[in-house]
Amino acid sequence: MPEFAVEIEDLEVVRGGNPVIRSMSLEVGAGTITGLLGPSGCGKTTLMRSIVGAQIVAGGRIRVLGRAAGSQDLRSTVGYVTQAPSVYGDLTVRENLEYFGRVVGVGDDRVSETVSLVGLEDHFDRLVSSLSGGETARVSLASALLNRPRLLVLDEPTVGLDPVLRAELWRDFRELADGGVTLLVSSHVMDEAGECDDLLLMREGRLLRHCAPDALRRETGEEDLGRAFLEVIERTGGS
Ligand SMILES: Nc1ncnc2c1ncn2[C@@H]1O[C@H](COP(=O)(O)OP(=O)(O)OP(=O)(O)O)[C@@H](O)[C@H]1O
Ligand SMILES: [Mg+2]
């Protein structure tokens, strides 16, 4: 396995005529859970779109699992769950996953396996529109796991979920990472940052810090990671 699942050099992205990602360079360690954190509008989704090859970039270089981002052969090794729910409410869990399975070219046996991975066996034949928010999030996650991705990019997967469901999803993420999958997980709240191995702190299109949660605590003298992030913002001259 390469040391880094994602390598970015001098990335620049412009959207609607405005610079949204500015000279960003970073590496995401293989087999880690990396949290991408920052206020609404700072560019998290744009960075994730760039990594999965869904964003036109104005400059720089992105390598994913050793290949140029967006390469055809990354389709089978990168999973992406978008911020907006991407499953069909009027289909059952099984129908959704069989449909996405056909799109990525895996058989129905893999669909059953994936449903077990996310603990939805008992809801296999339920309409997605009848599921709770957390269960629906799991269907989305399952759809991204179908092709056994080595890199999983999850855009705010736990937003709107209660603490119990969030804890369950984070256990799923950790199991995947223990199995060698690299996870990049965005959030605009800091309370999940402690679950990550590494943090990317973003603000206004720039990377403020890339460090482990404990290093951030040590640097700022703040135990609470939300306060630590605010401290970093103050030190970097933002308001
Ligand atoms: N299609 C678009 N056209 C023009 N500007 C856009 C477009 N999409 C996003 N932007 C702008 O790019 C910036 C970054 O947006 P992005 O969606 O990456 O932020 P984010 O960090 O994911 O925010 P959130 O936490 O709200 O999801 C914002 O200023 C946003 O208004
Ligand atoms: Mg976003």
Once the dipole of the chain is set up from charges on Cβ (+1 Lys and Arg, -1 Asp and Glu), the residue from the list 51, 225, 82 lying farthest towards its positive end is 51
Between residue 211 and residue 76, the two model label points (7 Å from Cα along the beta-carbon direction) sit apart by a distance in nm of 4.2 nm
In Å³ per residue, the alpha-carbon convex hull of region 2-128 encloses 140 Å³
Rounded to one decimal in nm, the spacing of the 7 Å Cα→Cβ label points at residue 14 and residue 178 is 4.8 nm
The extension gain from residue 25 to residue 188, computed as 0.36 nm times the residue separation minus the Cα-Cα distance, is 56.6 nm
Rounded to the nearest Å, the spacing of the alpha-carbon centers of region 61-101 and region 168-239 is 24 Å
Restricting to Cα pairs under 8 Å and 6 or more apart, the percent relative contact order of the chain works out to 26 percent
Computed over the chain: longest principal axis from alpha-carbon atoms vs helix 93-104 long axis, angle to nearest 10 degrees, is 70 degrees
With N residues in region 80-148, Rg(alpha-carbon) / (2.2 N^0.38 Å) equals 0.95
In Å, the Kirkwood estimate of hydrodynamic radius for the chain over Cα pairs equals 18.4 Å
With 0.36 nm assigned to each residue of separation and the Cα-Cα distance removed, residue 113 to residue 223 gains 35.6 nm
Mean shadow area (nm²) of the C-alpha convex hull around region 160-239 is 5.9 nm²
Between the Cα axis of helix 133-145 and the main Cα principal axis of the chain, the angle (0 to 90°, nearest 10) is 90 degrees
The rounded separation in angstrom of the Cα centers of region 1-37 and region 142-167 is 19 Å
In debye to the nearest 20, the charge dipole size for region 80-148, taken about the Cα centre with +1 at each Lys and Arg Cβ and -1 at each Asp and Glu Cβ, equals 260 debye
With +1 on the Cβ of every Lys and Arg and -1 on the Cβ of every Asp and Glu, the dipole magnitude of the chain about its Cα centre, in debye rounded to the nearest 20, is 840 debye
Percent of all alpha-carbon pairs of region 124-184 at distances over 18 Å, whole number, is 35 percent
Here the averaged projected area of region 19-61, based on the convex hull of its alpha-carbon atoms and given in nm², is 3.5 nm²
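Read-outs throughout are calculated quantities, based only on the coordinates presented, and are distinct from any laboratory measurement. Quick caveat: nothing in here was measured; it's all calculated off a predicted structure. Cβ sites come from the backbone with ideal geometry, for glycine too, and all protein chains shown count toward neighbours.
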